[in-house]
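**Q** First the structure, then my questions, so here it is.
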Amino acid sequence: MTWLADHWRDVFPLLGQHIWLAGLPLVLGLVIALPLGWAARRWRTAYPVLVTTSGLLYTIPSLALFILMPLVLGTRILDPINVVAAMTVYTVALLVRSVADGLGAVPEDVRAAATAMGYRGLRRFLAVDLPLSVPVLTAGLRVAAVSNVSIVSVASLIGVPQLGHLLTDGFNRAINGELITGIVACVVLALGFDVLIRVVGAALTPWTRVGAGAGVQP
Amino acid sequence: MIAAIWAWLTSPESWSGSDGIGARLLQHLGYSALVVAIAAAIGVPLGLWVGHTGRGKWLVSAANAARAVPTLGLLFALALWVGPFIPGKAAFLVPSVIALVLLAIPPILAGTYAGVEAVDPAARDAARGMGMRPAQVLWRVELPCALPLLWSGVRSAVLQVIATATIAAYIGLGGLGRFLIDGLAAGNYVQTAGGAVLVSALALVVDGVFALAQKVIVSPGLTGGGPAGSGRWGRPRVRREIVLAPGKPGEASGVVPTTSA
């Protein structure tokens with residue numbers, strides 16, 4: 001506690017950096033995963049290809065991916081872009097499946113009703129399919145957010161500053177207060193992302209708060 | 001740069017010796033196997049117990065919540081707080097192994113529990129009706145039916161352990177992580193990237209082996225593959241999910257079909 005009281009001014013920039021490095025890939029990953037997941041649902045052959053590829057990408061250990069990113073992107077090893085790109089890869093890998101499964105969970109009769117009402121193509125996707133798959137998407141995003149916060153801290157080993165710096169520095173200089181602050185800050189940040197995604201997800205799906213099944217009685 | 005990395009990966013000098021790629025690869029595999037074996041010995045019985053009895057579900061939620069703890073922090077905390085109490089060379093090994101086991105338990109526990117939870121209640125009832133004792137129901141029905149989810153839990157634990165064992169080189173563990181951590185410390189990008197390629201390849205190959213193993217150990221009665229009647233549980237085709245034809249909600253599940261207009 002005394003460590004935090006003396007050093008909270010140093011913690012805030014690191015926290016901000018961590019939010020940025022873990023949060024931006026969530027947004028980018030979602031934007032990229034939406035069309036990919038849609039394609040996986042649209043074409044029968046695309047599903048196994050996309051799900052397998054994203055599974056393989058998720059297999060690559062985080063430290064290895066951070067280190068290999070400069071080779072792929074042509075950046076310098078200390079560039080935070082490597083971390084954003086690597087985290088985006090992981091997020092896309094997790095979310096492609098969520099998007100595909102979420103779109104697949106839209107009831108066929110709802111889709112048929114929307115078509116009968118004149119919704120077609122992109123408009124039906126944006127107004128009917130996408131909103132109805134928000135609960136599955138939210139679940140996928142929550143998993144991605146918690147794992148992103150943990151993985152970003154590993155980037156302190158390649159010298160990109162964020163909350164992981166408190167972990168490495170606390171360990172290297174054997175400062176318990178700094179190490180504990182780093183761990184607690186990461187857990188709190190993960191919880192914060194989790195709550196934020198849940199709140200946004202609930203706000204986007206007001207119908208889920210009405211009694212389950214109301215209005216869809218046969 | 002890529003040519004230099006390729007040269008490092010393919011030169012005989014990099015592969016030989018006690019700190020060569022060959023030795024480091026075996027170390028990495030050895031640690032990972034040890035850790036997953038310990039974690040499975042804890043996580044599988046615990047998951048079976050929670051799933052079978054329905055008690056202690058908080059264990060699963062607690063294990064899932066614990067995933068928010070950053071792996072790097074867990075490694076460092078154990079190295080700092082447990083390491084000094086362990087004499088000799090084991091002071092580097094034991095904290096890493098404990099941290100890796102703690103990381104590997106949640107996915108195995110959650111997978112096992114979810115697998116048992118998802119067992120068709122009809123299969124459980126049938127087993128009881130045939131006169132099986134609770135232990136037999138668990139061993140001969142619930143465990144085989146839970147295998148697909150149990151195994152995917154083990155797979156994600158294995159991947160996590162291989163990845164985190166790499167990072168554990170920072171607190172003194174051997175294995176392929178040495179190339180990455182020592183390479184970074186020395187500013188030797190060729191060796192660092194070479195190590196990163198090796199770890200990625202190892203993870204991909206091991207995951208592939210586990211995917212193949214899944215096909216062998218999971219009863220064909222569960223996957224719906226293989227000829228009818230070849231499954232250990234008789235005819236695989238009468239599984240509920242298969243009876244439910246896609247695109248016809250309500251009809252096959254016994255619900256009276258809705259009359260349209």
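**Q** Fewest to most neighbouring Cβ within 10 Å: what's the order for B:14, B:200?
**A** By the 10 Å Cβ count, ascending: B:14, B:200.
**Q** Another question, then. Over the range A:2-206, what is the relative contact order in whole percent, taking alpha-carbon pairs under 8 Å and six or more residues apart?
**A** 27
**Q** Something else: What residue among A:119, B:121, A:8 has its Cα farthest toward the positive end of the dipole of the protein assembly as shown, where the charges are +1 on Lys, Arg and -1 on Asp, Glu, each on the Cβ?
**A** Farthest along the dipole direction, towards plus: B:121.
**Q** A follow-up question, please. For A:69, A:87, what's the fewest-to-most ordering of other Cβ within 10 Å of each Cβ?
**A** Fewest-to-most Cβ neighbours within 10 Å comes out as A:69, A:87.
**Q** Still on this structure, I have one more. From the residues B:160, B:66, B:90, which one has its Cα farthest along the dipole of the range B:17-218 in the positive direction, the dipole being from +1 and -1 charges on Cβ of Lys/Arg and Asp/Glu about the Cα centre?
**A** Going by the charge dipole, the pick is B:66.
**Q** Here is a further query. In nm, to one decimal, how far is the modelled label at residue A:195 from the one at residue A:175, with both set 7 Å along Cα→Cβ?
**A** The two pseudo-label positions are separated by 2.7 nm.
**Q** Sticking with this one: With equal scatterers on the alpha carbons only and no solvent term, can you work out the Debye log10 of I(q)/I(0) for chain B at 0.09, 0.11, 0.15 1/Å?
**A** Result of the Debye calculation: -0.56, -0.75, -1.08.
**Q** Sort B:81, B:151 by Cβ crowding within 10 Å, fewest neighbours at the top.
**A** Ascending Cβ contact count within 10 Å gives the list B:81, B:151.
**Q** Once fully extended, how much extra length lies between residue B:214 and residue B:128, figured as 0.36 nm per residue of separation less the alpha-carbon to alpha-carbon distance?
**A** Stretched out fully, the residue B:214 to residue B:128 stretch lengthens by 28.2 nm.
**Q** So between residue A:72 and residue A:120, what do we pick up on full extension, going 0.36 nm a residue minus the alpha carbon distance?
**A** My answer for the length gained is 13.4 nm.
**Q** I would also like to ask the following. Would you mind finding the longest exposed-site-free stretch of chain A, with exposed trypsin sites (Lys or Arg not before Pro) meaning DSSP loop and at most 11 other Cβ atoms within 10 Å?
**A** A:121-172
**Q** Helix B:71-81 versus the longest principal axis of chain B: what angle, 0 to 90°, nearest 10, using Cα atoms?
**A** 60
**Q** Below 8 Å, C-alpha to C-alpha, sequence gap of six or more: please give me the relative contact order for the range A:107-218 in percent.
**A** Relative contact order for the range A:107-218 comes out at 25 percent.
**Q** Next up: Quick check of the Kirkwood formula: for chain A, what is the inverse mean of 1/r over all pairs of different Cα atoms, in Å?
**A** Across chain A, the inverse of the average 1/r is 19.1 Å.
**Q** Still on this model: With charges set only on the Cβ (+1 for Lys and Arg, -1 for Asp and Glu), what does the dipole of the protein assembly as shown come to about its Cα centre, in debye to the nearest 20?
**A** So the dipole magnitude of the protein assembly as shown works out to roughly 1380 debye.
**Q** Now for a separate question. For helix B:90-117, what angle does its Cα long axis make with the longest principal axis of chain B, in degrees from 0 to 90 and rounded to 10?
**A** Compared with the principal axis, the helix lies near 20 degrees.
**Q** Can you pull the three principal axis extents for the Cα set of the protein assembly as shown, in Å, largest first?
**A** Answer, in whole Å and largest first: 75, 54, 51 Å.
**Q** State, to one decimal in nm, how far the label point of residue B:89 lies from the label point of residue A:4, with both points 7 Å from Cα in the Cβ direction.
**A** So the label points at residue B:89 and residue A:4 sit 4.1 nm apart.
**Q** Rounding to the nearest 20 debye, state how big the charge dipole of the range A:2-206 is about its Cα centre with +1 on each Lys and Arg Cβ and -1 on each Asp and Glu Cβ.
**A** 740
Values in this text are rule-based calculations from the coordinates and carry no lab data. All of these numbers come straight from a predicted model, not from anything done at the bench. Note: ideal-geometry Cβ built from the backbone for every residue, glycine included; neighbour counts use all protein chains shown.
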